[in-house]
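As structure tokens, the structure follows; a few thoughts come after it.
The values are calculated or read from the model by the stated rules, or taken from the named source; none is laboratory data. Quick caveat, the model's predicted, so the values are computed rather than measured. Here the Cβ positions follow ideal geometry from the backbone for every residue, glycine too, while neighbour counts run over all protein chains shown. Only protein heavy atoms, including side chains, enter the accessible area calculation; ligands, DNA and RNA are left aside. Shrake-Rupley method; radii C 1.70, N 1.55, O 1.52, S 1.80 Å.
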Amino acid sequence: MTDKYAVIGNPVAHSKSPQIHKLFAGQTGRDISYEAILAPLDGFAATIGRLRKEGYKGCNVTVPFKEHAFQLNIDGITISHSEDVDNAKAANTLKFSDGKIEAENTDGVGLVRDLEQNLGVDLTGKRLLLMGAGGAARGVLLPLRRALRRTDANITIANRTVDRARHLAKGTNVSICSYEELAGKSFDIVINATSSGLSDEMPPLPTDIFAPGALAYDMMYGRETPFMKFAHEQGAQVADGLGMLVEQAAESFYIWCGELPDTRLVMVKLREKA
Ligand code: ATR
């Protein structure tokens with residue numbers, strides 16, 4: 001019997017997840033279906049209830065419902081959170097079983113895997129700058145810190161509203177600063193987790209921010225953001241968020257099916273179509 005999965009969002013029509021999971025299914029020979037489902041803005045929990053009744057095995061959750069997935073509460077259902085979910089206060093992957101929902105967040109694992117495995121970044125001793133202190137930054141901070149502990153690298157968070165960065169870094173050894181305070185500093189990896197690209201804006205970075213051989217990573221994909229353009233002009237290596245998207249999907253697939261698909265082939269196919 002076909003195992004049913006979906007991604008729930010609003011909007012959701014643009015999502016590449018159905019395409020990615022269908023490629024994973026083809027590659028692993030698993031009999032699964034995967035569709036995009038538009039939920040009303042006030043109807044996330046009701047949509048989850050419907051999917052469970054209809055026998056779905058799980059779903060991905062995208063904008064604006066990741067925080068709703070963290071707060072999800074359904075009568076008679078036990079909901080468990082992974083450490084990454086509690087830390088991010090957001091979930092992007094739900095796994096359904098009898099009387100139970102497991103909530104996971106695979107975004108940060110996806111980012112770290114893209115950096116280390118696809119882009120070949122050795123994080124050992126690296127200076128990493130994370131721009132932004134909203135949901136996207138919060139979603140990846142713990143897995144980044146885990147990779148940092150493993151590799152002895154260090155993280156600085158810069159945000160326009162410094163208080164938000166302070167709040168995010170509270171209780172950790174992550175440094176925080178304003179964009180002005182970045183003057184004179186340089187980093188080996190600069191990650192854009194702000195929403196600035198959506199409005200074609202650019203975080204106010206100083207020009208000497210990239211150390212020689214630095215990587216500029218934008219979590220956005222699909223088009224060149226002002227940050228990517230700036231990084232190109234400054235001679236940095238530039239990566240978009242497509243690899244993170246595919247890697248977070250692969251980790252969700254692993255949570256559901258117990259098998260990690262080969263993401264490289266899928267990435268080649270997606271880039272061909274872009
Ligand atoms: P998301 O869930 O995408 O992170 P969010 O929670 O609204 O969305 O957070 C948006 C982030 O992008 C914030 O860190 C925001 O900075 P402020 O907290 O100071 O508002 C950041 N951001 C948005 N536009 C920006 C810009 N033009 N320059 C720098 N940072 C920007």
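Inside the stretch 169-182, can you point out the residues that are more than 9 Å from the ligand (Cβ to nearest atom), outside any strand (DSSP E or B) and surrounded by 13 or more Cβ atoms within 10 Å (Cβ to Cβ)? Listed by number, the residues that qualify are A169, T172, V174, S178, E181, L182.
Going by the conditions given, is V121 more than 16 Å from the ligand (Cβ to nearest atom), among the hydrophobic types (A, V, I, L, M, F, W, C) and within 12 Å of the chain's Cα centre (by Cα)? Considered against the rule, which asks whether it is more than 16 Å from the ligand (Cβ to nearest atom), among the hydrophobic types (A, V, I, L, M, F, W, C) and within 12 Å of the chain's Cα centre (by Cα), V121 comes out as no. Is it the case that L123 is modelled with pLDDT of 95 or more and either part of a loop (DSSP other than H, G, I, E, B) or surrounded by 18 or more Cβ atoms within 10 Å (Cβ to Cβ) (or both)? When the stated conditions are applied, L123 does not pass them. The set of residues in the stretch 89-102 being buried (at least 21 other Cβ atoms within 10 Å of the Cβ), touching a Lys or Arg at 6+ places or on another chain (Cβ under 8 Å) and without any contact (Cβ under 8 Å) to a residue 60 or more places away in the chain consists of A90, A91, I101.
Taken as a whole, the stretch 207-218 holds no residue that is open to solvent by 10 Å² or more (accessible area, probe 1.4 Å) and under 18 Å from the mean Cα position of the chain (by Cα). If we keep just the residues of the stretch 55-88 that are open to solvent by less than 50 Å² (accessible area, probe 1.4 Å) and among the hydroxyl-bearing types (S, T, Y), which is nearest to the chain's Cα centre (by Cα)? Per the criteria, the residue is T62.
The rows are residues; the columns are (1) modelled with pLDDT of 95 or more; (2) within 15 Å of the chain's Cα centre (by Cα); (3) of a type in the set (V, I, T).
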site: G134; (1), (2), (3): yes, yes, no
site: G139; (1), (2), (3): yes, yes, no
site: N154; (1), (2), (3): no, no, no
site: I157; (1), (2), (3): yes, no, yes
site: H167; (1), (2), (3): yes, no, no
site: T172; (1), (2), (3): no, no, yes
site: S175; (1), (2), (3): yes, no, no
site: S178; (1), (2), (3): yes, no, no
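Restricting A90, A69 to those that are within 16 Å of the ligand (Cβ to nearest atom), in the same structural domain as R264 (by TED's automatic domain parsing) and in contact with an Asp or Glu (Cβ under 6 Å, 6 or more places away or on another chain) reduces the list to A90. Quick check: anything in the stretch 30-51 at negative phi, in a helix (DSSP H, G or I), in contact with a strand residue (DSSP E or B) (Cβ under 8 Å, 6 or more places away or on another chain) and open to solvent by 70 Å² or more (accessible area, probe 1.4 Å)? No, every residue in the stretch 30-51 fails to be at negative phi, in a helix (DSSP H, G or I), in contact with a strand residue (DSSP E or B) (Cβ under 8 Å, 6 or more places away or on another chain) and open to solvent by 70 Å² or more (accessible area, probe 1.4 Å). Go through the residues of the stretch 216-239 one by one and say whether even a single one is at pLDDT 95 or above, part of a helix (DSSP H, G or I) and closer than 15 Å to S15 by Cα. There is no residue in the stretch 216-239 that is at pLDDT 95 or above, part of a helix (DSSP H, G or I) and closer than 15 Å to S15 by Cα.
In the stretch 191-206, the residue that is most open to solvent (accessible area, probe 1.4 Å) out of those that are assigned to a helix (DSSP H, G or I) and near the ligand (Cβ under 7 Å from one of its atoms) is S199.
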